[in-house]
Every structure is written in C-alpha cells, then in structure tokens.
Amino acid sequence: MSKKALITGITGQDGSYLAELLLDKGYEVVGIVRRSSSIARSRVDHIMETHAGKPLRLEYGDLADSSSLRHVMTKVKPDEVYNLAAQSHVRISFDQPEYTADVTALGVLRLLEAIRDYTVATGQKVRFYQASSSEMFGAAPPPQGERTPFHPRSPYAVAKVAGYWQTINYRESYGMHASNGILFNHESERRGENFVTRKITRAAGRIKAGLQKELFMGNLDARRDWGHARDYVEAMWLMLQQEQPDDYVVATGEAHSVAEFLDEVFGLLDLDWHEYVKIDPRFFRPAEVDYLLGDASKARARLGWKPRITFKELARIMTEYDLELAEREAHAASFSGKKQP
C-alpha cells in the first residue's frame, strides 16, 4: 500500500516541487488550500496533467482554523504531514505582524494539535515536517548551524522560531516523529514575483524584451545562501524517512550578495544592471539581516543530502525562464497593438 502525504502550502513553490517528488515516489498526495474567491493553482495545474492517473487531490483547510485541520486529518488519514504554509514574505511581515504570527506561529500549534488528537483517537502514528527558516538566525554571525543561537530580526522570523520550538516540544512531550528543516534561501522559476531573486529575473527579462525600463531595489549588500527549491524538498522527504526525528540545516554553504545575483542575471542577458537598478528606501527592512550562510554538514552526513544545482545554474534557469515569459508578453502586446514603454 502506498504512503499518503498531506501538504499545507501545496500551491506554493516548495509545495509544488514536493508534490512532484512524492508522486514520483509512489505516494498519494493531498494538498490543503484555503477557500477564497480565487485560488492560485498555477504551480500545481501541470502536476495534474503530467501525473495523470496518479493520486493528487486538494482539500479545503486553513492554518487559522483548528476545526478545518482536524477535519482534514480525519478525512485524509496521512502517514506524513509537511507544513509548508505560512505568511512567508519577510518585508510584508513588518506590515502584517499579527497575521504573520497567527498563521506562521500559531498555525503550527494548531496543526500539531490536530495531528496529536488524530493519533490519540486512531492510534496511527503520523510523521511531521515543519518548514523552519534561516531567517531565525537573523543577526547571528555566520556560518549558522543547528547549534547557532537564534536572533530573529523580523515578525516572520520570530513566528518561525515559535513554530520551531513548538515542533520540538511536541516531539519531546508526546513522542511525535516531528522534525524541523531549517532551510536557507531556496529559489526557482516558481518563486513568487515579490521575492528578491524572482523580482530580479522577472525584471531583467522584461527589460531585455523592452517591456520595462527600471528595477527598484532595497539593500544590495545583503548576503544569502541560495539554492534551488527542487533540491531542498528532497531534504524534507529524507528527514521523515529517518528512524529518529531531528532538526537539520539545509543549505549550500556558499553565500552571495544581492548585487552578485544582479551581476549574474543581467550578465546572462548582456545587460549592465547599474543602468536600470534604482535604490528605493521602501524596500529596506526596519531591521536588516546582513549575512546568512548555512552549515549543512549534519544533513550531508546523516541524510546523505547535498545540493545539485549551483548558484550560477540557479540564476541561469530562472533567467531563461523569465526571458521566455517576457518575450511571450512582448509578442502578445505587439499582436494586440499595445505600445511598448
């Protein structure tokens, strides 16, 4: 009998890649989506097509609604639960701190309680993965590993720290197989366009295609450890296959500044980003995180995990994807008779 996995945040970048991975491994996959007037399913629509005949379905639920989580647990009866849902944009968390705390922190608690109640009622053991974040380290000096003290510098990071410790508390208090993946920045062509890497590749493609003239940015000196999301979801799965639950940093061990990412992306398009990038104070955080560099030696040793896609490959994949997208936009605008900027 195949395993059954429940994924919150399945319509996001990580959720879509994880769903593909699990389906390829023979899982039955169920994703939780919030009921709203419009549900963005573009990242999972193609999975329905390419995995025709393989079980993937969506159920309504919300991390802000305990009863919906209990209902989904009882209905789905999963073997593994991957909590990837959150208000995950750091800058926006300063504007919506209460909402961020409710979903990103208390949402973890609600889900853990739903799993515990289900286990008590049925006797079925469920393995749980919590998507923790390198932002929890904040101002802690690099490199950051599992033993590095947290120093969160945003409402998002504070909420993630709460979810991290809730996961450990349920593991130690109730014997749950619950693990934290402390993932450093992981990007892809499926990344939301308001995140800095995708914002850059999207703008660069549009500039090359003549659709855009400027790109407004914030702190270009911030350094991040960037990998590809496809590699990182494999680490999530590996954590739940271990006999004992634990917490793992997942990172490439290589950091680059935002300016370096601009160099790489615009260079691929034979453009000089200095001619197009304007600094806008609106995009600076009230408290900056200057340097995140992960030490994933534990994940390499115990999980046998390592990243496959390099920084340069990541930039190339995203740039080529967004250039093609911009060229299609330009063609459509030309066909419709709209003037270019």
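The values are calculated or read from the model by the stated rules, or taken from the named source; none is laboratory data. Predicted model, so just to flag it, every value in this text is computed and none were measured. Positions of Cβ are backbone-derived with ideal geometry, glycine not excepted, and every protein chain shown enters the neighbour counts. With ligands, DNA and RNA removed, areas are computed over all heavy atoms of the protein, side chains included. Shrake-Rupley method; radii C 1.70, N 1.55, O 1.52, S 1.80 Å.
Suppose we filter the range 217-241 for residues that are open to solvent by 20 Å² or more (accessible area, probe 1.4 Å) and under 30 Å from Asp79 (Cα atoms); how many remain?
Of the residues in that region, 5 qualify.
For the range 92-126, give me each residue that is basic (Lys, Arg), assigned to a helix (DSSP H, G or I) and in contact with a Ser or Thr (Cβ under 8 Å, 6 or more places away or on another chain). Reasoning before the result, please.
Quick first cut of the range 92-126, residues basic (Lys, Arg) only: 110, 116, 125.
So of that shortlist, the ones also assigned to a helix (DSSP H, G or I) come out as 110, 116.
Residue satisfying the conditions is Arg110 alone.
Does Glu288 qualify as being surrounded by 12 or more Cβ atoms within 10 Å (Cβ to Cβ) and not in a loop (DSSP other than H, G, I, E, B)? Steps first, answer last, please.
Working: surrounded by 12 or more Cβ atoms within 10 Å (Cβ to Cβ): yes; not in a loop (DSSP other than H, G, I, E, B): no.
So Glu288 fails the test.
Thr148 versus (1) part of a loop (DSSP other than H, G, I, E, B); (2) among the β-branched types (Val, Ile, Thr); (3) touching a Pro at 6+ places or on another chain (Cβ under 6 Å): which is the lone unmet condition?
It is condition (3) that Thr148 fails.
Of the conditions (1) open to solvent by less than 50 Å² (accessible area, probe 1.4 Å); (2) over 30 Å from Ala222 (Cα atoms); (3) among the hydrophobic types (A, V, I, L, M, F, W, C), Ala121 fails just one. Which one is it?
(1)
Would you be able to say whether some residue in the range 186-208 is touching a residue at least 12 places away in the same chain (Cβ under 8 Å) and more than 30 Å from Glu327 (Cβ to Cβ)?
Within the range 186-208 (the criterion being touching a residue at least 12 places away in the same chain (Cβ under 8 Å) and more than 30 Å from Glu327 (Cβ to Cβ)), the answer is no, since none of the residues qualifies.
Any residue in the range 273-285 that's at pLDDT below 95: show its pairings with residues that are assigned to a helix (DSSP H, G or I) and surrounded by 14 or more Cβ atoms within 10 Å (Cβ to Cβ) at Cβ separation under 8 Å, as long as the two are six or more apart or on different chains.
That search, which allows pairs on different chains as well, returns Phe283/Arg91; Arg285/Val90; Arg285/Arg91; Arg285/Phe94.
Pick from the range 151-166 the residues that are assigned to a loop (DSSP other than H, G, I, E, B) and open to solvent by 10 Å² or more (accessible area, probe 1.4 Å): which of them is farthest from Tyr99 (Cα to Cα)?
So, considering only residues that are assigned to a loop (DSSP other than H, G, I, E, B) and open to solvent by 10 Å² or more (accessible area, probe 1.4 Å), the one farthest from Tyr99 (Cα to Cα) is His151.
Do you know which of the residues in the range 176-216 that are assigned to a loop (DSSP other than H, G, I, E, B) and in contact with a strand residue (DSSP E or B) (Cβ under 8 Å, 6 or more places away or on another chain) is surrounded by the fewest Cβ atoms within 10 Å (Cβ to Cβ)? Working first, answer last.
Start the filter on the range 176-216 by keeping residues that are assigned to a loop (DSSP other than H, G, I, E, B), which leaves 176, 184-185, 188-195, 209-214.
Subset that is in contact with a strand residue (DSSP E or B) (Cβ under 8 Å, 6 or more places away or on another chain): 176, 184-185, 188, 195, 214.
Details: Met176: 21, Phe184: 25, Asn185: 23, Ser188: 23, Phe195: 16, Glu214: 13.
Here the residue is Glu214.
Pick out the one residue from Thr148, Thr201 that is over 13 Å from the mean Cα position of the chain (by Cα) and over 18 Å from Val250 (Cβ atoms).
Thr201
Here is a yes/no grid of residues against (1) surrounded by fewer than 13 Cβ atoms within 10 Å (Cβ to Cβ); (2) touching a Lys or Arg at 6+ places or on another chain (Cβ under 8 Å); (3) part of a helix (DSSP H, G or I):
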position	(1), (2), (3)
Val249	no, yes, no
Leu262	no, no, yes
Phe266	no, no, yes
Lys298	no, no, yes
Ile309	no, yes, no
Asp322	no, yes, yes
Ala332	yes, no, yes
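Tell me which residues, restricted to the range 272-285, are outside any helix (DSSP H, G or I) and open to solvent by 100 Å² or more (accessible area, probe 1.4 Å).
Here is the first cut: in the range 272-285, the ones outside any helix (DSSP H, G or I) are 272, 276-280, 284-285.
Correct list: empty.
Restricting attention to the range 96-113, does a residue exist that is touching a Leu at 6+ places or on another chain (Cβ under 6 Å), of a type outside the set (Val, Ile, Thr) and open to solvent by less than 40 Å² (accessible area, probe 1.4 Å)?
So far as the range 96-113 goes, yes, one or more of its residues are touching a Leu at 6+ places or on another chain (Cβ under 6 Å), of a type outside the set (Val, Ile, Thr) and open to solvent by less than 40 Å² (accessible area, probe 1.4 Å).
A quick yes/no check of all residues on (1) modelled with pLDDT of 95 or more; (2) under 28 Å from Glu243 (Cα atoms); (3) out of contact with any Leu (no Cβ under 9 Å at 6 or more places or on another chain):
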| residue | (1), (2), (3) |
| --- | --- |
| Phe128 | yes, yes, no |
| His151 | yes, no, yes |
| Val158 | yes, no, yes |
| Ile168 | yes, yes, yes |
